[in-house]
Amino acid sequence: MPELPEIEILVRHLQPLLKGRTIRRVRIGRLKCLRGTSPAAFRRLVTGARFVVLSRRGKYLLFTLQRRGERQRLMLIGHLGMTGRMYLSPLGAALPKHVVVALEFDRDRFVFEDLRYFGSFTFNSSAIDALGPEPLSAGFTVKCFSKSLERSRQAIKVKLLDQSLVAGIGNIYASETLFRAGLSPQLPANRLKPAQVERLWRAIRATLTEAIRCGSTLSLHFAGTGSQDGLFYFGRAPGASESYEERLQVYDREGEPCRVCHTAIRRVTQAARSTYYCPQCQQD
């Protein structure tokens, strides 16, 4: 599932393409992805609306719309799920088989397709209302992070996946962050010492920042028409040149040597998710 860095890159990609565009027609392909918004209400609210700005909250894309003659703005919330993709395509192009929603402009259209239909495109804001602080914002402080960890006995890797703790971190970046912090993924959250909490806090921000910077340098085709289709993860993109530096340290590298100490990377299952770590570098 795409995580914070992938969504941030997608937002930066789509924002200049959508800003100021007016929606002329709406096509709905998968009703359940509207998550509580009826098709009639969705069409009524969206048709004729103009894109004002696109932003991000955790793993969600926030599309701010405004209807002509109305001062109040609308917030359309998109989530890619596991297999979702959002891009622009010409009006003359055939719609993909698994289209969720297509918003048509004068000459092209915004397409949201999702093979497994786990994603969503809705005006229901309940999901983002429950999110914790943004990890790269000023509101995410060591103090608030520490207080939240003190209340949990969960293993720290599992706790990092809790979106009410901090928004946007998923399985990949949780493993990568813990490696950078030198912390065992099995350490109970409320057992972390102040120095460890601060180390982890810094590692979260550094890992996500580096991943966004890394992704910003890749030329990816979001419409599924190129050799580097889809969204990148923090590592070698599909089709990337051999000179591209591989950056994943532990995730999906079970049995491979640690890039720091050469110990074999291990994999364990935590809360039904795979966790990757180096037993030598992550002993704390």
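The values are calculated or read from the model by the stated rules, or taken from the named source; none is laboratory data. Everything numeric in this text was worked out from a predicted model, so none of it was measured. Note: ideal-geometry Cβ built from the backbone for every residue, glycine included; neighbour counts use all protein chains shown.
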What about S120, is it buried (at least 19 other Cβ atoms within 10 Å of the Cβ), of a type in the set (S, T, N, Q) and outside the structural domain of V250 (by TED's automatic domain parsing)?
yes
Residue among S175, S216, S274 that is at pLDDT below 75 and surrounded by 13 or more Cβ atoms within 10 Å (Cβ to Cβ):
S216
Only residues that are loosely packed, with under 15 Cβ neighbours inside 10 Å and in contact (Cβ under 8 Å) with a residue 60 or more places away in the chain: list them for region 58-93, please.
M82
Search region 52-78 for residues being farther than 16 Å from L17 by Cα and among the polar types (S, T, N, Q), and hand back the single one that is modelled with the lowest pLDDT.
Q72
Answer yes or no as to whether T83 is closer than 17 Å to S55 by Cβ and among the polar types (S, T, N, Q).
no
Would you check if E104 is over 17 Å from the mean Cα position of the chain (by Cα), touching a residue at least 12 places away in the same chain (Cβ under 8 Å) and not assigned by TED's automatic domain parsing to the domain that holds V250?
yes
What about R24, is it closer than 30 Å to A174 by Cα and surrounded by fewer than 16 Cβ atoms within 10 Å (Cβ to Cβ)?
no
So G224 passes all but one of these: (1) modelled with pLDDT under 95; (2) under 21 Å from P279 (Cβ atoms). Which condition number does it fail?
(2)
If you go through region 29-38 one residue at a time, do you hit one that is over 11 Å from F123 (Cβ atoms), modelled with pLDDT of 95 or more and of a type in the set (A, V, I, L, M)?
no
For the condition surrounded by fewer than 17 Cβ atoms within 10 Å (Cβ to Cβ), of a type in the set (G, A, S) and part of a loop (DSSP other than H, G, I, E, B), what is the one hit in A167, A138?
A138
Looking at this structure, is A94 small (G, A, S), more than 30 Å from A203 (Cα to Cα) and at pLDDT 95 or above?
no
Yes/no for L10 being within 17 Å of the chain's Cα centre (by Cα), more than 11 Å from V101 (Cα to Cα) and either polar (S, T, N, Q) or not in a loop (DSSP other than H, G, I, E, B) (or both)
yes
If we ask which residues in region 178-196 are of a type in the set (A, V, I, L, M, F, W, C), part of a helix (DSSP H, G or I) and surrounded by fewer than 22 Cβ atoms within 10 Å (Cβ to Cβ), their number turns out to be 1
